[in-house]
Amino acid sequence: MNLSAVTAGLSASPFQIAASPADHCPHFTHHSDRNWPETNCYFDLWIEILHCLGLDPVPTFASLLSADHDGLQWDFIKPQPEDLRRLYGLDVAEDNVWLPVLEMVESGPHRGLLHTVEVDSWWLPDTSGTAYRNDHVKTTIVPTRVDRVNRTMWYLHNAGLFELRDDDFDGVFNLGDSADGILPPYVERIRLLPERAEADALRRMVKEHLARRPSGNPVERLIDGVQRAKQWLPSAGMDLFHPWAFATLRQCGATAELTADLSVHLDPLFSGAAEAEKDFRDVAAAAKSVQFKMARVASGRTVEITPALEAMAASWQSGMDTVARAAG
């Protein structure tokens, strides 16, 4: 199919990310001095999307006020589409992939939108040392510049903006004979519709997410899971430790660290909210410390983690109570 024929007559307003891998400076939440400079691929991606568009990502952290632990794992934290619409007029919805993925992505500029695309980290050179050419791991990117002729692409992923080329270009778009029978990935379209943004959205969002916060203390449920893991991790080993830690302590710690940023941001709206910052940063630091100790458990060693976990639960509760009081 000739893409120019499919997109003929489309003349949407440009909506693109102009930064290049050479000049992109990551958002402060991705700086190396953080306890959790990366959270998960989707939340990190949205931080950098908003940052590249000149929009402040911190208000989207309001959704973390309703984060929970379900008994097995912490929420895989994600910015909520409704929050993105209310704050910035960004409309996020699944795109129907009826053309090859490369052609769908190439259609974006004609349609005035960006795409998020689920891809295999095997083909992403920014994951060198972990998944790149080593492991097949699902992740999400936003292509920002695609050059089919030269087989190069700039893309946002995790905490930065990167370039891939040649075989990686073919691989990430499933080009070639090996692509036969491969299911199309999950793709979202991002449109800018500023008229859909709402005035004073953050104030209302905070109150709504606080109203949806879980009953009890989710860190206490995390503690139960960590204590149970002390029993089975030694036999499971490091191969299972890494995905378990990602789904539990890392998501909890990252949630707390971003919520600390949010509490400071909220202080002009809700006086006293910034007093929660220390409690949430204490949770983030403790989660990192416990994760290191649990790695020793996975290696067959005995560690003491109960005091640190109890302190985490107390700090989480204190921080949440402080924000809730401030918000009224």
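See the values below:
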{"quantity": "Residue match in the stretch 110-127 (condition: small (Gly, Ala, Ser), more than 18 Å from the chain's Cα centre (by Cα) and crowded, with 16+ Cβ neighbours inside 10 Å)", "calculated": "yes"}
{"quantity": "Residues located in the stretch 28-46, provided they are without any contact (Cβ under 8 Å) to a residue 40 or more places away in the chain and surrounded by 18 or more Cβ atoms within 10 Å (Cβ to Cβ)", "calculated": "46"}
{"quantity": "Criterion (buried (at least 16 other Cβ atoms within 10 Å of the Cβ), touching a residue at least 24 places away in the same chain (Cβ under 8 Å) and within 23 Å of the chain's Cα centre (by Cα)) met by exactly one of 229, 201", "calculated": "201"}
{"quantity": "Qualifying positions in the stretch 256-272 - surrounded by fewer than 24 Cβ atoms within 10 Å (Cβ to Cβ) and within 16 Å of residue 328 (Cα to Cα)", "calculated": "267, 268, 269, 270, 271, 272"}
{"quantity": "Residue list for the stretch 204-226, filter: surrounded by 14 or more Cβ atoms within 10 Å (Cβ to Cβ) and small (Gly, Ala, Ser)", "calculated": "225"}
{"quantity": "Flag if residue 79 is buried (at least 16 other Cβ atoms within 10 Å of the Cβ), farther than 30 Å from residue 176 by Cα and assigned by TED's automatic domain parsing to the domain that holds residue 188", "calculated": "no"}
{"quantity": "The stretch 289-298, subset under 11 Å from residue 230 (Cα atoms) and either touching a helix residue (DSSP H, G or I) at 6+ places or on another chain (Cβ under 6 Å) or touching a residue at least 24 places away in the same chain (Cβ under 8 Å) (or both), residue surrounded by the fewest Cβ atoms within 10 Å (Cβ to Cβ)", "calculated": "295"}
{"quantity": "Positions within the stretch 179-225 being within 29 Å of residue 141 (Cα to Cα) and in contact with a Leu (Cβ under 7 Å, 6 or more places away or on another chain), in sequence order", "calculated": "189, 190, 191, 192, 197, 201, 202, 206, 209"}
{"quantity": "Residue pairs meeting the criteria (Cβ under 8 Å; at least 6 apart or on separate chains; first not assigned by TED's automatic domain parsing to the domain that holds residue 170 and at pLDDT 95 or above, in the stretch 120-136; second surrounded by fewer than 16 Cβ atoms within 10 Å (Cβ to Cβ) and of a type in the set (A, V, I, L, M, F, W, C))", "calculated": "none"}
{"quantity": "Enumeration of residues in the stretch 128-144 that are crowded, with 17+ Cβ neighbours inside 10 Å and of a type outside the set (A, V, I, L, M)", "calculated": "132, 139, 140, 143, 144"}
{"quantity": "Considering residues of the stretch 288-328 that are part of a helix (DSSP H, G or I) and polar (S, T, N, Q) only, the residue nearest to residue 267 (Cα to Cα)", "calculated": "322"}
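The values are calculated or read from the model by the stated rules, or taken from the named source; none is laboratory data. Fair warning: this is a prediction, and the values are worked out from it, not measured in the lab. Every residue, glycine among them, receives a Cβ derived from its backbone with ideal geometry; neighbour counts consider all protein chains shown.
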